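The values are calculated or read from the model by the stated rules, or taken from the named source; none is laboratory data. Keep in mind it's a predicted model, so treat the numbers as computed, not measured. Here Cβ is always computed from backbone atoms with ideal geometry, including for glycine, and neighbour counts include all displayed protein chains. Note: accessible area is taken over every heavy atom of the protein model, side chains too, but ligands, DNA and RNA are not part of it. Shrake-Rupley method; radii C 1.70, N 1.55, O 1.52, S 1.80 Å.
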Amino acid sequence: MGRDGRATASAVRHARRRWPSVTILCLYVATSDDAIATMNAGADDAITADAPWAVVAAHVAASVRRVQLSNAQLRIAFGDLVYDRESRRVWCAGREVQLTPRELRLFDILFLRAGAPVSAETLYDYVWREEGTHTSNSLAVYVGYLRRKLTGSRVAVLETLRGQGYRLSQRREP
């Protein structure tokens, strides 16, 4: 990472919006204060430039263990939605749902953050990445496609939160 703590924290915030499930390890940040700011921005770990090599190696090994544990739990459920991230497959109420690559990226971030609002800016960053080929209503169009494909769910619903973004949540009882 660079010597500018603010730039590093900004880069971490951007990476966390874009790849919510990736492990972010920042090596050789300038000061302890920069390490704290970087972790507060979303890094999983940060190591200062003066750390001995043995400490750096131990932090990297710990990060690898955390990633292995999370990969072991790749098939996860939210109500009657089941998502196998490794094989990139989705089931809704016991039936497999075919999603396009863009729909799958949208589903991925909403599923990983189920129950919490996800801003439109974060969704654009994650779904369209560097393409920049989206129009003003692209997100709404793809949310509509995803909603139609998940209508069979008795438990999960994709909500629009005015001014906040979207949220995958559990249906409320009538």
Margin query: I'd like to know if the range 77-97 contains one or more residues that are acidic (D, E) and outside any loop (DSSP other than H, G, I, E, B).
Written below: yes
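Quick one: in the range 74-88, which of the residues that are in contact with a strand residue (DSSP E or B) (Cβ under 9 Å, 6 or more places away or on another chain) and open to solvent by 50 Å² or more (accessible area, probe 1.4 Å) is modelled with the lowest pLDDT?
At the first step, the residues of the range 74-88 found to be in contact with a strand residue (DSSP E or B) (Cβ under 9 Å, 6 or more places away or on another chain) are 74-87.
Checking the rest, the ones that are also open to solvent by 50 Å² or more (accessible area, probe 1.4 Å) come to 75-77, 85-87.
Numbers: R75: 70, I76: 81, A77: 85, R85: 81, E86: 75, S87: 77.
If we take residues in the range 74-88 being in contact with a strand residue (DSSP E or B) (Cβ under 9 Å, 6 or more places away or on another chain) and open to solvent by 50 Å² or more (accessible area, probe 1.4 Å), then R75 is modelled with the lowest pLDDT.
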Checklist line | Within the range 21-59, considering residues that are under 26 Å from the mean Cα position of the chain (by Cα) and in a loop (DSSP other than H, G, I, E, B), the one surrounded by the most Cβ atoms within 10 Å (Cβ to Cβ) | finding: A43
Checklist line | Flag for N71 being loosely packed, with under 15 Cβ neighbours inside 10 Å, out of contact with any strand residue (DSSP E or B) (no Cβ under 7 Å at 6 or more places or on another chain) and modelled with pLDDT of 85 or more | finding: no
Item checked: Single residue of R147, R105 found to be out of contact with any helix residue (DSSP H, G or I) (no Cβ under 8 Å at 6 or more places or on another chain), assigned to a helix (DSSP H, G or I) and surrounded by 14 or more Cβ atoms within 10 Å (Cβ to Cβ) -> R147
Check: Which residues, counting only those in the range 161-174, are surrounded by fewer than 17 Cβ atoms within 10 Å (Cβ to Cβ) and either closer than 9 Å to P117 by Cα or of a type in the set (K, R) (or both)?
Finding: L161, R162, Q164, R171, R172
Item checked: Matching residues, the range 20-41, being under 26 Å from Y126 (Cβ atoms) and modelled with pLDDT under 85 -> P20, S21, V22, T23, I24, L25, C26, L27
Check: Is one or more of the residues making up the range 2-9 of a type in the set (V, I, T), over 18 Å from the mean Cα position of the chain (by Cα) and modelled with pLDDT under 85?
Finding: yes
Notebook entry, point to check: Failed condition for W91, given (1) in contact with a strand residue (DSSP E or B) (Cβ under 7 Å, 6 or more places away or on another chain); (2) within 26 Å of T8 (Cβ to Cβ); (3) modelled with pLDDT of 90 or more, with all others met?
Noted result: (2)
